[in-house]
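Contents: one structure, followed by commentary.
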Amino acid sequence: MYRIGNGIDFHRLEVNPNRPLVLGGVECESEVALVGHSDADIILHAISDAILGALALGDIGQYFPDTDPKLKNIDSKVILAKCLELMKERNFQLVNVDCTVIGEKPKIAPLKEKIKKSLCSLLDLPVDCVSVKATTTEKMGALGRQEGIGTFCTILLVKNL
């Protein structure tokens, strides 16, 4: 049995020298950071939501509500680990992950290989099963005005026999 999951996440960008920009589990050099209750890693959030969606288990907000003060600044790797645990408990495994980051900045091309390597490690997948792409909105809307960035992610799960 196969299951497909889709995850989407968006966060605002702000200039904040005291907060790192984290994408795919990688701290990226940037003059801007993502705003969020957690570390605001849009890639790990989208992957986590895709896993939960494929398993029909809701979304990360149910497991990690942004109203819980104990979860303030939580590392998104913890969120992903919980989602992977739920997946394994149901005897599924990841087949592949395809992520598209949307925004004008930061430019993803120079970060892509580092992010991909991090995702391969976090997800225990070979390099040919993890895709990280980027696009812009051609300067349209909030993302085009560099007010934030987002990620769309699709995953495939297979049931272990």
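All of the numbers you see were taken from the coordinates with simple rules; none came from a lab. The structure presented is a predicted model; accordingly, all values stated were derived computationally and were not measured.
Can you tell me the 0 to 90 degree angle between the C-alpha axis of helix 42-54 and the longest principal axis of the chain, rounded to 10? Relative to the chain, helix 42-54 is tipped by roughly 30 degrees. Principal-axis analysis of the Cα atoms of the chain puts helix 76-89 at an angle of about 10° to the longest axis. If you take the alpha carbon atoms of segment 18-60 and fit the smallest convex hull around them, that volume is 58 Å³ per residue.
Here the contact order of segment 42-161, divided by its residue count and restricted to Cα pairs under 8 Å and six or more residues apart, works out to 36 percent. Applying 0.36 nm per residue to the separation of Ile8 and Lys82 and subtracting their alpha-carbon distance, the gain on full extension is 24.9 nm. The ratio of the alpha-carbon radius of gyration of the chain to the globular-protein estimate 2.2 N^0.38 Å is 1.00.
In the chain, what % of DSSP beta bridges are antiparallel (nearest 5)? Close to 80 percent.
For the pair Met1 and Lys70 in one chain, pulling the backbone fully straight at 0.36 nm per residue adds 21.1 nm over the alpha carbon distance. Taken as Cα centroids, segment 85-154 and segment 49-79 sit 17 Å apart, rounded to the nearest whole angstrom.
Helix 112-123 axis versus longest C-alpha principal axis of the chain: approximately 30°, rounded to the nearest ten.
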